[in-house]
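Chemist: Submitted below is the structure of interest, expressed as structure tokens.
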């Protein structure tokens, strides 16, 4: 097991001791293969994410075809993942936020190879990206300490823009991802930004991005 032992963005060394609740949750969900193995399937267009549990600790099943990857994102709470098939690569960045990684000169500060059945756990404010750089499909289980109240449903499948919204509170989303979440045209999102309905930030490459936490808040607001 690999554990990022310094709070922040992977600045510390590796130890075999990680956040206890995350480590225990990973072990439990991995052992209950009968609950998720039949759900495994692969999509050439978009990674599949299936929520297995929601509460104090969320659990997710993810599948990866070669070259499929997450965006750079920050986990506000402790979390971790286990490769249960194939091999994944975790890229960790020592940057203040994901927006800094839009620069062409930005590079990961650490790259970890995570073959099955290896596990990775990390503390809060962990900035990383996960990618399948191998030639074979991969499957992983992810757990995260939740700061949200438990959802009314204990499971669910996300195959559209809502997938990006759920990854991390501080993830920066493109106009296209936000449009998919609200099921509107990307030009509508641009108009919302220009009118002040949604606050946007500019990356170093002068691209517009939106905070996932604010996008979720807008959707929950009954007055919007």
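The values are calculated or read from the model by the stated rules, or taken from the named source; none is laboratory data. These numbers come from a predicted model, not from an experiment. Quick reminder, even Gly has a Cβ in these numbers, built from the backbone with ideal geometry, and neighbours come from all protein chains shown.
Chemist: I'd like to verify a number: residues in segment 51-76 that are within 12 Å of the chain's Cα centre (by Cα) and not in a strand (DSSP E or B), how many?
Modeler: Of the residues in that region, 4 qualify.
Chemist: Of all residues in segment 93-114, how many are within 17 Å of the chain's Cα centre (by Cα) and at pLDDT 90 or above?
Modeler: 3
Chemist: Hey, residue 37 hits all of (1) within 18 Å of the chain's Cα centre (by Cα); (2) modelled with pLDDT of 90 or more but one; which does it fall short on?
Modeler: Checking residue 37 against (1) within 18 Å of the chain's Cα centre (by Cα); (2) modelled with pLDDT of 90 or more, the one that fails is (1).
Chemist: Right, something else. If I go through segment 174-206 residue by residue, how many of them are over 19 Å from residue 74 (Cα atoms) and at pLDDT below 80?
Modeler: 2
Chemist: Also, quick follow-up: Is it the case that some residue within segment 143-158 is over 16 Å from the mean Cα position of the chain (by Cα), over 21 Å from residue 217 (Cα atoms), assigned to a strand (DSSP E or B) and modelled with pLDDT of 85 or more?
Modeler: Checking segment 143-158: not a single residue is over 16 Å from the mean Cα position of the chain (by Cα), over 21 Å from residue 217 (Cα atoms), assigned to a strand (DSSP E or B) and modelled with pLDDT of 85 or more.
Chemist: Checking residue 54 against (1) modelled with pLDDT of 90 or more; (2) within 29 Å of residue 210 (Cα to Cα): exactly one of these is not met. Which one?
Modeler: (1)
Chemist: Separate question: Condition (residue is assigned to a strand (DSSP E or B) and in contact with a helix residue (DSSP H, G or I) (Cβ under 7 Å, 6 or more places away or on another chain)) applied to segment 36-48: is it met by at least one residue?
Modeler: no
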